Amino acid sequence: MRAARVGSGKIPVAMGVTCAAAIALTACGSPTGGEGGATGENALPGAEQYLASPCPEPGTKPAGKEFTYWSMWTADEPQGKVVKHAIDCFTQKTGVKVNVQWLGRKLLTQNVGPALNTNDVPDLVDQDLNQMKAAVVAPGGTQSVEDVFGLKVGEGDKTVKDVLLPTSHTMEQNADAAGKPFLVPYELISDAWWYQKGGEQVAPPKTIDELFGLFDKAKQAGKSAVAQDGDINDYNTYYFTQVAAHYVGPGGLAKAVSDRSGQLWKSDPGYLKAAQFVERLAKGGYFIDGWDASKFPQVQQRWADGDAAYLFNGSWIPSEIREYLGKQGGGKKIDYGSFQFPMPDGATHDIVEQLPIGFSVLAKAKNPEPAKAFMAYMLNKDILAGIPAVSDNLTPRADLPVPDDLKPIKATLEDTKKEHMLIKDGIDGMFGGKYVDAVLYPLNNDLLKGKLTAAAFVDALAAKTAEYWKAQG
């Protein structure tokens, strides 16, 4: 997703917190759709029906009369409309007043962060797990939400824990200093290779050679193979971290960036093999012309216009492209196809990446109980149905339908044989985002642009990692 827009996509956030996922911010690629959303001919057919739907009864009766919520959304974008519907319904059914401020993607760094050292903080905030951990959890700004998982959602005796996919909240990164969960998800982001079917279904490649075969076929047809918005550091690292994760598994990347000697990058051959994939991609002339001098979202939009065959990006792509096409007019629609990265030769980890977006309660919250009751209400099936219906995104519930565009990704996320891991192992949220900014992003950009060989990249990673940690003391 974009870094400056956690919900839309692409560039790094200020104060060292970078784009995750995407995933979410408006200049960084968007895991959750662009602000404003598609309207008119490109609007989702179920959006108006959802927003006019009756309010379900809450399963948890809140104590307290009000709470304050600072939102990562704006009120007029798709997810904002869904959350606003939830707030209106919650107030209607419980009488609890929700004091909401629609602050947008940078709320953690521009609003929440500065407030942490005061007693004037909101009760509830939301953002993707990586950014929440880097900006709020690390300085001790959240409290445990373990009790929320036992609250009823308004569907008989079903609790929050009952309705959520376990893999959406049980990852080790969803833990504060005391080992307690700090985030309850309501949206889920993943990633895939995207293409436009145009009447042709691409057989998902089973090997890396088959993947490059698809790229070569596109080039032979006179089309650029891969679209890449080169000004988004987060997007540029997808290739290396995806392939590396297939070799080293969940937790492997996090261990490497945490290794103060830097030698783990060299001692595990999986990192070199991943770098060799990127080197092959970089030197093969597969990227669209001008990718490394572009300004997001120019290249993504060129892909939508048919100038390149493939795009590796988040599950928010149909939502973002729908927004773009809606603004262009003309009634164009895309029949999306997608597939996962194939298993590299010799790799043993069949991984799928995900990034939850959800709610956290601040440590200094004055009204935590009604805020937690609202978190449970948001996960009611009739409320959460708005995420796919209005914003064309995925939820952490298995029983909600999704648009055809996202069905392959949803099936992959629900595949119990897959090893689930946080996008990029959560390394962009580690150490306040400072490590990736100082070490991984610059080196990876040089590798992707063909300025470094795979071997030189790994050597530099080891050396720069050791230098980074030495500077930290």
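The values are calculated or read from the model by the stated rules, or taken from the named source; none is laboratory data. Quick caveat, the model's predicted, so the values are computed rather than measured. Note: ideal-geometry Cβ built from the backbone for every residue, glycine included; neighbour counts use all protein chains shown. Each accessible area value is taken on the protein alone, full model and side chains, heavy atoms only, with ligands, DNA and RNA left out. Shrake-Rupley method; radii C 1.70, N 1.55, O 1.52, S 1.80 Å.
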Coordinate range along principal axes, alpha carbons of the range 101-197, Å, largest first
46, 42, 27
Modelled FRET efficiency - R0 56 Å, residue 57 with residue 305, Cβ distances, 0.05 increments:
0.75
Averaged per residue, what accessible surface does the chain expose to a 1.4 Å probe, in Å²?
36 Å²
Taking Rh as the Kirkwood radius computed over C-alpha pairs, what is the Stokes-Einstein D of the range 273-326 at 4 °C in a medium of viscosity 1.567 mPa s, expressed in µm² per second?
103 µm²/s
For the range 222-340, with the dipole built from +1 on Lys and Arg beta-carbon atoms and -1 on Asp and Glu ones, taken about the Cα centre, which of 309, 249, 325 lies farthest toward the positive end?
249
When the accessible area of the chain is split by element with a 1.4 Å probe, what percent falls to carbon and sulfur?
50 percent
Take the Cα coordinates of the chain, assign each an equal point scatterer, and use the Debye formula without solvent to give log10 I(q)/I(0) at q = 0.07, 0.13 Å⁻¹.
-0.33, -1.16
Lys/Arg Cβ at +1, Asp/Glu Cβ at -1, dipole of the chain taken about the Cα centre: which of 394, 204, 100 is farthest positive-ward?
100
Size of the dipole of the chain about the Cα centre, Lys and Arg at +1 and Asp and Glu at -1 on the beta carbon, nothing else charged, in debye to 20?
540 debye
Surpassing 20 Å at the alpha-carbon level, of the pairs 133/407; 158/407; 295/327; 266/434; 206/273; 158/372, are 133/407; 158/407; 266/434
Inter-site label distance for residue 333 and residue 92 at 7 Å from Cα along Cβ, in nm:
2.9 nm
From most to least accessible, 1.4 Å probe, no ligand or DNA/RNA atoms counted, 247, 238 line up as 247, 238
Dipole of the chain, positive end: most advanced residue of 121, 227, 445 [Cβ charges, Cα centre]
121
Share of pairwise Cα separations in the range 350-436, more than 19 Å, in percent:
56 percent
Divide, for the range 202-293, the radius of gyration over alpha carbons by 2.2 N^0.38 Å, where N is the residue count.
1.22
If you average the alpha carbon positions of the range 272-332 and of the range 186-224, how far apart do those two centres end up, in angstrom?
12 Å
With Rg from the Cα atoms and Rh as the Kirkwood inverse mean 1/r over Cα pairs, the range 156-245 has an Rg/Rh of 1.12
When the Cα atoms of the range 125-280 are enclosed in a convex hull and the volume is divided per residue, what value in Å³ results?
187 Å³
With charges set only on the Cβ (+1 for Lys and Arg, -1 for Asp and Glu), what does the dipole of the range 269-349 come to about its Cα centre, in debye to the nearest 20?
100 debye
Using alpha-carbon coordinates alone, the radius of gyration and Dmax of the range 66-109 in Å work out to 10.6, 33
Using only DSSP helix segments of four residues or longer, with each worth -39500 (n - 2.57), what per-residue ellipticity at 222 nm results for the chain after dividing by its residue count and rounding to 500?
-9500 deg cm²/dmol
